[in-house]
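Coordinate-derived values only; no laboratory data. What you see is a predicted model; the values in this text were computed from it and never measured. Virtual Cβ from ideal backbone geometry, glycine too; neighbours counted across all protein chains shown.
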């Protein structure tokens with residue numbers, strides 16, 4: 001008998017869209033919840049009904065379980081799907097759903113409570129004989145105890161939040177002198193993100209693979225695993241690239257790890273979707289890491305190689321129905337790789353970015369899947385995780401999947417906030433990744449210092465930008481003109497009009513002269529040559545030149561020829577003098593320094609310390625008159641559920657502190673001013 005016919009999705013972004021899509025396909029009525037910051041978000045428009053649950057900050061909206069339960073009651077929803085993050089692994093919320101007569105689409109509350117706490121889960125796995133990483137998972141959380149146990153473990157070691165996941169509340173300590181500050185920061189971050197400051201310590205296993213097993217269990221006691229995923233490419237302990245199957249997996253190892261994962265789930269009477277995560281060392285030994293009692297971000301790669309819809313299976317199990325498949329029914333076909341597209345700036349140590357999405361154009365193609373939660377015109381809020389989309393490619397082999405994913409990323413257009421697309425392409429193109437050799441040390445080992453610096457657009461791309469910007473100006477001027485033939489563009493009564501565009505990228509300046517080719521349209525027979533070549537320009541800059549042909553331009557797409565080679569360009573000009581341009585995956589912002597009045601270099605000195613993003617200023621650690629050294633922590637900022645230390649760029653004396661702890665600050669707000677002195 002059906003327990004529910006409508007589902008409220010207690011989440012936002014791409015996972016809310018993902019759940020709503022399958023729920024609607026299965027015939028369920030869907031209800032979305034949203035914060036005031038998400039009023040125009042795609043998941044709100046996809047659902048059959050949407051309920052506002054409060055202001056933007058998560059504690060006042062998506063983490064407010066009472067508001068979500070009220071929304072379920074008001075909308076008549078019969079079940080709640082929590083997605084991932086937020087309340088998905090909150091045992092108290094799962095109990096509250098059951099108490100309110102709602103079906104919680106996930107594990108039983110006791111299983112969430114047990115496995116959601118890394119310390120308790122590890123104690124349980126040790127008792128069950130599952131291999132675990134050596135460390136401290138005791139109940140005594142005093143600083144003295146943690147420091148003593150850390151000394152016993154030795155460096156390198158991991159400080160980890162016992163509750164939650166996603167890399168929050170986690171610090172890698174290479175020197176025991178760093179341990180006190182690591183404990184302080186990890187505990188504060190854990191309390192902020194999960195409401196629990198309990199920590200565990202573990203010996204850091206250097207260069208392991210992060211391999212996880214997707215498990216599924218029904219209420220009749222049937223439990224299976226759906227193969228493994230390799231999630232080794234990580235940054236700040238957050239997964240960046242995931243793939244299935246693991247490149248180094250053998251059938252014997254899969255059977256062994258799968259059996260351990262199924263045993264772990266069965267031992268706690270698990271129900272629904274879950275993931276048992278392991279560290280796999282270079283010798284082939286694996287160690288229990290944690291269990292995530294929810295659907296994972298990376299579940300699409302499992303779907304693509306098994307042919308199963310994991311959200312549909314969740315709904316099926318939540319209705320009390322059996323899985324309907326045995327371990328022998330699970331087959332793995334082909335390969336799939338997923339990347340996470342974040343609005344963050346790789347050049348600025350991957351700081352999250354926010355602001356309006358001027359243009360979002362996801363890729364298509366054979367074997368390409370895009371799970372996104374953004375649309376053009378939407379604002380990326382500073383309140384939430386910066387992941388805005390997942391791009392997944394599959395194929396009959398790993399190499400085909402990899403090549404398809406690279407091409408898909410190069411076709412992806414996101415104009416607005418800075419993002420990590422180019423970094424993802426660079427990861428996929430590394431020989432180490434292509435050969436299947438990536439470990440959790442991949443990023444630190446494969447990217448040398450300075451390798452992630454901004455790519456300076458070359459002369460040819462700048463020339464294309466100049467021609468497109470000139471064409472847009474012509475369109476605007478022609479639209480406001482009267483009785484002027486479009487063939488007269490670029491020409492005066494005397495000669496061709498030479499236009500100038502000046503773009504600066506870092507230390508590189510392109511001062512371009514754009515000259516239309518052909519004879520002046522004077523009414524003589526020579527005029528026909530000018531009409532035929534009205535879209536052809538020669539562009540000069542300091543001894544360089546190229547021929548740019550504007551073959552067609554429509555909306556945000558242009559076909560251009562550069563010295564006889566044709567290219568597809570995506571562009572957008574949100575304001576006069578500013579142009580976004582992407583050609584074959586090379587994207588940049590072009591600002592015409594001639595067109596924009598009052599342009600000055602905005603490079604600040606080391607004495608003005610500004611907020612790198614919107615966020616809550618948790619601490620200010622300096623006062624006026626204090627002497628500070630280069631690299632000293634001046635303040636701690638919380639943004640997108642992470643804590644960031646803001647450090648002095650140069651030594652000197654604090655002249656003024658312009659922000660207070662406990663207040664919200666905007667990106668580029670001046671926090672501290674320092675009178676800089678040269679260090680002796």
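Cα gyration tensor of segment 408-481, axes a ≥ b ≥ c as square roots of the eigenvalues: rounded (a/c below 1.5), prolate (a/b > b/c) or oblate?
prolate
Could you grab the Rg to Rh ratio for segment 608-676? Cα atoms only, Kirkwood for Rh.
0.94
How much of the calculated P(r) for segment 337-409 lies past 16 Å, in percent of all Cα pairs? Don't skip to the answer; put the middle values down first.
Numbers: 1413 of 2628 pairs.
Tail of the P(r) past 16 Å holds 54 percent of the pairs.
For the chain, what does the convex hull of the Cα positions come to per residue, in cubic angstrom?
Enclosed volume per residue, from the Cα hull, is 189 Å³.
Can you give the relative contact order of segment 317-379 as a percent, counting alpha carbon pairs under 8 Å and 6+ residues apart? Don't skip to the answer; put the middle values down first.
Values: 33 pairs, mean separation 14.5, N = 63.
Computed value for segment 317-379: 23 percent relative contact order.
Shape call for segment 185-253 from the C-alpha gyration tensor, a ≥ b ≥ c root eigenvalues: rounded (a/c under 1.5), prolate (a/b greater than b/c) or oblate?
On the way: a/c = 2.40, a/b = 1.38, b/c = 1.75.
Since a/c reaches 1.5 but b/c is at least a/b, the shape of segment 185-253 is classed as oblate.
Quick one: Kirkwood hydrodynamic radius for segment 1-147, alpha-carbon pairs, angstrom, one decimal?
Every distinct Cα pair counted, the radius reaches 16.7 Å.
Applying a 10 Å radius around every beta-carbon, put 87-97, 258-268 in order of their mean neighbour count, most first.
Ranked from most to least packed, the peptides come out as 87-97, 258-268.
Kirkwood hydrodynamic radius of segment 134-203 from all distinct Cα pairs, in Å? Don't skip to the answer; put the middle values down first.
Numbers: mean 1/r = 0.0869 Å⁻¹.
Kirkwood radius, segment 134-203: 11.5 Å.
Full-extension gain between residue 567 and residue 629, please, as 0.36 nm times their residue separation minus the C-alpha to C-alpha distance.
Fully extending the segment from residue 567 to residue 629 adds 17.3 nm.
Rounded if a/c is under 1.5, else prolate if a/b beats b/c, else oblate: with a ≥ b ≥ c from the C-alpha gyration tensor eigenvalues square-rooted, which is segment 172-217? It would help to have the intermediate numbers written out before the result.
Details: a/c = 3.47, a/b = 1.30, b/c = 2.68.
The shape class here is oblate.
Once every DSSP H run of n ≥ 4 in the chain is given -39500 (n - 2.57) and the sum is divided by its residues, what mean residue ellipticity at 222 nm do you get, rounded to the nearest 500 deg cm²/dmol?
Details: 17 runs with 176 residues, N = 680.
Computed ellipticity for the chain at 222 nm equals -7500 deg cm²/dmol.
Over the chain, calculate the relative contact order: mean separation of alpha carbon pairs under 8 Å at least 6 apart, over the residue count, as a percent.
9
Compute the normalised compactness of segment 237-394: alpha-carbon radius of gyration over 2.2 N^0.38 Å, N being the residue count.
1.20
Take each of the peptides 559-568, 425-434, average the number of other beta-carbon atoms within 10 Å over its residues, and list them starting from the highest. Please list the in-between numbers first.
Details: 559-568: 13.7, 425-434: 16.4.
Peptide ranking by packing, descending: 425-434, 559-568.
Please tell me the relative contact order of segment 608-676 in percent, rounded to the nearest whole number, where contacts are Cα pairs under 8 Å and at least six residues apart.
Result for segment 608-676 is 43 percent.
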